[in-house]
Amino acid sequence: MELLVATAIGIMTAAGLYLVMRLRSFPVILGIALLTYAVNVFLFASGRLSVGAPPILRDGVEVYADPLPQALVLTAIVISFGMTAVVVMIALGAYLGSSDDSVNDAETDEDETEGAT
Amino acid sequence: MSLFLLVALPFLGALLPGLMNSAGRQACAGVTFTVTLAAFIGLLTNLPAVWAGEVVTARALWLPELGLNFTLMLDGLGFFFAFLILGIGLLIIAYGRAYLSRDDNMGEFFTYLLLFQGAMVGIVMSDNILLLLVFWELTSLSSFLLIGYWKHLPEGRQGARMALTVTGMGGLAMIGGMLILGQIAGSYDLSVILQNRELIQESPLYLPALILILLGCFTKSAQFPFHFWLPHAMAAPTPVSAYLHSATMVKAGIFLMARLWPVLSGTPEWFMIVTTAGLITMVLGAVIALFKHDLKALLAFSTVSHLGLITMLLGTGTAFGVLAAMFHILNHAMFKAALFMSAGIVDHEAKTRDIRLLGGLRKLMPITFVIATLAALSMAGIPFLNGFLSKEMMLKEADYTVLYGTPWLVAGLATLGSLFSAAYCFRFISHTFLGEVRDDYPAKPHDPPSGMWLPPAILVSLVVIIGCAPFLAEPTIYKVTEAVLAGVKETPDYHFKLWHGLVPALFMSMIAVVGGFLLLMVFKPLLKTWENTPRPEAKVIFEALIEAIASLARTTTHGLHNGAFSRYGAVFSVAVIGASYYAWTTGTLSSPTRKMQTAEPVMWAGWLMLVAATGALVFFHRNRLLALVLIGIVGLMVSVGFVFFSAPDLAMTQLTVEVVTIILLLLALNFLPNRTPKESSVLLRTRDGIIAVAGGLAATAMAYHFLLRDAVATPISEFHLANSYKGGGGTNVVNVILVDFRGFDTFGEIIVLGIAALLIYALTETLLNSSVRAKLLNRKPDQPRAGDMHPTMMVVLTRVMMPVVLLVGFYIFLRGHNEPGGGFISGLVVSIAVVMQYMASGFNWTTSRLRYPYHGVIGAGVLIAGLTGIGSWFVAKPFLTSDFTYVRIPPFQEFELATAALFDLGVFLAVVGAVMLSLESFSRLAYRPGAEQSDHPMDIDPSRDDPPPLPPKAGRVSTEGA
């Protein structure tokens, strides 16, 4: 079970990294989203895995999953929505302004010759 | 006056000149003068205590953990320097008022001047060496502003930059030295450090500390080989030069050497380094000064030379050396400030400082002539002027000093330096003022108004008074010397007198003066030889060095930072993977402490779906709509995973966020192209693939490693589980952590979320107000549009569902404290309910029914959360302390009322507002105010077929058809 979660994190990370290194803004956003999943699951897993032990207090139940990573990841999920929205907005603005959704600057000649003065 | 006020006055006063700028030049200079005068008088109020040998102190804790405290002290040495800084400062301000032209921004000038003055006063009064470093850096910065005051002159900018680079680098070295010194002594307080002479000198770290501190002092005081910045700083307005290079900036290094003299001096290392550097600087500066044609450059190199002289005297490590050094500091400050001001007058009136274009000014500018001549003769060491007295003391000290085992070396070089010194003084007088009156001056020279000649005149009268009656200065200098010596050495028994008998120093003095006179006689052939000798030009070397460093930085930066985002991603990933690989291989790995749990088939199924969706996403990412579907599957599987691993709250959050994220991306795809073109080469994709796989393997390894091991320390979650119900009144521990234990975090998060939404709104506004708007209005959709804008079934369904969804949201919110749910999740659920209306019934329909703007909803949420937190102040509890109680209102069961629920309400509102504001902003991009929009379901989109077919006119049809 642990191996499955670990490989899932790894696969999402790999896919996220690959997409982040693409040349257009949309795949980069998808890559960031995938990395977000990976990181959130990774953080969540730092509470170790437990099945059938939600951190809802019940009489007579002694074993609970670690609630702290869950609380932290919960806010992280919501914040990552805000972040994604901002990145998408920036990408959209850049595309609408220039009709080009490349993430890299166009190749320019060395025209910046700052003098010593 | 309190020392705090004394140090603060110039800084506070620095605000005034800028404000007074519009009130006129007189008011501006007047207020500066008043501030300085107040500080000066404040300083004098401390005179009785300091004179009685007391050390006035003032302390305030700043960062006691770091040993950095705002402790000030005023002893004889500090008083002496502060007196020079403020006293000469007053004269400079008066002079500056007359010197600056109408084109110069006087408020700016005096602001910088006061900042600089405050920093200098801070240096000489600091008791804490870390505080001293702060002021030290402030002088570097403010002198940069002063030297570069004439921003339009390239020389000014270059000189300011050079001064900042050199003194800044020295300051950096000195920080290291001071930290070592503080570590050795166990305290950063000077009062403690000065008591620990043996401890410091026996420490193995003494030499590194000494070298680093001396680097700071030598760069500041322009000692060889760092002397080159000072002459270039002459591009500053003359009042600045007169201030910085007579009494203040360059004396800071000297001051620090004197301040630390009791603990650092007396060792062979100190003697060798300081005396050698001083001697070289003194001779070199004097020789170069003789051949400079620019009056200010001549004076600049003479300053370098005199600073070398003082450094050498401090280097000898004898009490008499200190006495002579202190006396010379006083004398040099006076005659050098007067000389700089005279040079400024000549420049101001004759419009040139080139000595070759001058001469014969004696008849045209008699007052200036008298002032400059007296000051220059004092500098040359002519009797009845104060320079003579200290120079003779220097020669006496040099006579007794043996360096490198050669008895005549120091005496010989000191005499040589004095000889050249006398020569350039004579040249200054004769080539500027003596000789025939010329008729080719760039301007008609005449004596300046009294505002300009009075300040140097005051200084020169002091030069003469001390020169004739040296016993007047004696008690002061003795007090200062005592303060420097700090009991390490006996104060020497020596009296300031004009005539000490036929001592060796007198003969050396005579050789110097006569030699200097003879040198001037043969100046012309000498100059020819000098000009034909190749010399290294410091500025050229410095600039080549800077250029080399800059081009190295440029190559590195442009290589890594070339505007290619994908390259940054690759560089960053490789760096992180490399670093973690290093940590992995060099660290120790413990053996597993947990057993692997068996995976049930359902887990395998979920895993397979996740992996398949992720793989397909990479494979099909060019088809953007398909990619969106696939990433939705990934998110769904992650949510399922959360359910499976006992995290119901996370699953609900992930699921709802997933919905709004997909909607958001769909809205974006409305404008973005639907396909990603194939651009990157196979090689590039292979490279990215390798990096990605390496990153994935690293993440897998790390996750797998810690999943099989227990935490190294007991997690604090035990506390949360134990206190959730008792202290927080809720059984859903995750929710209690969010709204109670870590409520402050959550408060911060909703603010961040709100800011993100406002940012999106602002960006949308910017786009809509730019040329993009026209583009948006004229946009042709790149794919066929649906036949009806608002499908009936969807409209009916969403409107029916709306109250149901709201009820669910309300239910999730209420039960959040005890069961999975809470403000975040219900906020997202309610947002989805509203978004559905936008999607089904249209932007117009929904907006017209909207009562409250989303900005207000965000603000209300943050306010409610914040006020709930503040509420606990009224019962004298810390911010965000929660409270709860159980109440029973008859027909209902007993239920709980908690302040945490109020806080959660704030979270709820902030989330709803933020999500809705973001999505609404995106839809506004597509909104066309002019376009026909209908409220009716099943309307036909009129803009679908573009251009709309014209209704055929009956008459024409037949003819066209024929």
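Miscellaneous remarks
- Applying the condition of being under 29 Å from residue B:927 (Cβ atoms) and in contact with a helix residue (DSSP H, G or I) (Cβ under 7 Å, 6 or more places away or on another chain) to region B:848-888 and asking which residue is surrounded by the fewest Cβ atoms within 10 Å (Cβ to Cβ) yields B:855.
- Odd one out for residue B:380, checked against (1) out of contact with any strand residue (DSSP E or B) (no Cβ under 9 Å at 6 or more places or on another chain); (2) open to solvent by 10 Å² or more (accessible area, probe 1.4 Å): (2)
Quick grid of which residues meet (1) touching a residue at least 40 places away in the same chain (Cβ under 8 Å); (2) away from every other protein chain (no Cβ under 14 Å); (3) in contact with a helix residue (DSSP H, G or I) (Cβ under 6 Å, 6 or more places away or on another chain); (4) over 23 Å from residue B:854 (Cα atoms):
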| site | (1), (2), (3), (4) |
| --- | --- |
| B:793 | no, yes, no, yes |
| B:803 | no, yes, no, no |
| B:817 | yes, no, yes, yes |
| B:822 | yes, no, yes, no |
| B:828 | yes, no, yes, no |
| B:833 | no, yes, yes, no |
| B:836 | no, yes, yes, no |
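- The sole residue among B:506, B:472, B:502, B:434 that is within 24 Å of residue B:282 (Cα to Cα) and more than 44 Å from the chain's Cα centre (by Cα) is B:506.
- Within region A:15-27, considering residues that are facing another protein chain (nearest Cβ under 7 Å) and assigned to a helix (DSSP H, G or I), the one surrounded by the fewest Cβ atoms within 10 Å (Cβ to Cβ): A:27
- Of the residues B:423, B:414, the single one that is in a helix (DSSP H, G or I) and farther than 18 Å from residue B:275 by Cα is B:423.
- Filtering region B:666-722 to residues that are free of Cβ contacts under 8 Å to residues at least 40 places away in the same chain, open to solvent by less than 40 Å² (accessible area, probe 1.4 Å) and under 30 Å from residue B:737 (Cβ atoms) leaves B:699, B:700, B:703, B:706, B:717, B:720, B:721.
- Count of residues meeting criterion [facing chain A (nearest Cβ under 9 Å) and in contact (Cβ under 8 Å) with a residue 40 or more places away in the chain] in region B:622-646: 4
- Selection count, region A:53-76, where residues are open to solvent by 20 Å² or more (accessible area, probe 1.4 Å) and over 27 Å from the mean Cα position of the chain (by Cα): 8
- Matching residues in region B:878-929 - criterion: being small (Gly, Ala, Ser) and either assigned to a helix (DSSP H, G or I) or touching a strand residue (DSSP E or B) at 6+ places or on another chain (Cβ under 6 Å) (or both): B:898, B:900, B:901, B:906, B:910, B:913, B:914, B:918, B:921, B:923, B:926
- Answer from B:79, B:70 - the residue that is within 24 Å of residue B:181 (Cβ to Cβ) and surrounded by 24 or more Cβ atoms within 10 Å (Cβ to Cβ): B:79
- Residue B:654 meets each of the listed conditions (1) open to solvent by 30 Å² or more (accessible area, probe 1.4 Å); (2) closer than 30 Å to residue A:2 by Cβ apart from (1).
- Taking region B:495-525 as the range and being free of Cβ contacts under 8 Å to residues at least 24 places away in the same chain and not small (Gly, Ala, Ser) as the test, the residues that pass are B:499, B:502, B:507, B:510, B:514, B:518, B:521, B:522, B:524, B:525.
- Flag for residue A:2 being out of contact with any strand residue (DSSP E or B) (no Cβ under 8 Å at 6 or more places or on another chain), more than 7 Å from every other protein chain (Cβ to nearest Cβ) and among the charged types (D, E, K, R): no
- Of everything in region A:47-71 that is out of contact with any Lys or Arg (no Cβ under 8 Å at 6 or more places or on another chain) and at pLDDT 90 or above, the residue that is farthest from the other protein chains (Cβ to nearest Cβ) is A:69.
- Of all the listed residues (B:606, B:587, B:559, B:578), the sole one being without any contact (Cβ under 8 Å) to a residue 40 or more places away in the chain, more than 30 Å from residue B:385 (Cα to Cα) and surrounded by 13 or more Cβ atoms within 10 Å (Cβ to Cβ) is B:606.
- Residue check, residue A:12 facing another protein chain (nearest Cβ under 7 Å), touching a residue at least 24 places away in the same chain (Cβ under 8 Å), hydrophobic (A, V, I, L, M, F, W, C) and surrounded by fewer than 23 Cβ atoms within 10 Å (Cβ to Cβ): no
The values are calculated or read from the model by the stated rules, or taken from the named source; none is laboratory data. Computed from a prediction, not measured in an experiment: that's the story for all the values here. For neighbour counting, all protein chains shown are included, and Cβ atoms are generated from backbone atoms with ideal geometry for every residue, glycine included. Areas reflect the complete protein model, heavy atoms only, side chains present, ligands, DNA and RNA absent. Shrake-Rupley method; radii C 1.70, N 1.55, O 1.52, S 1.80 Å.
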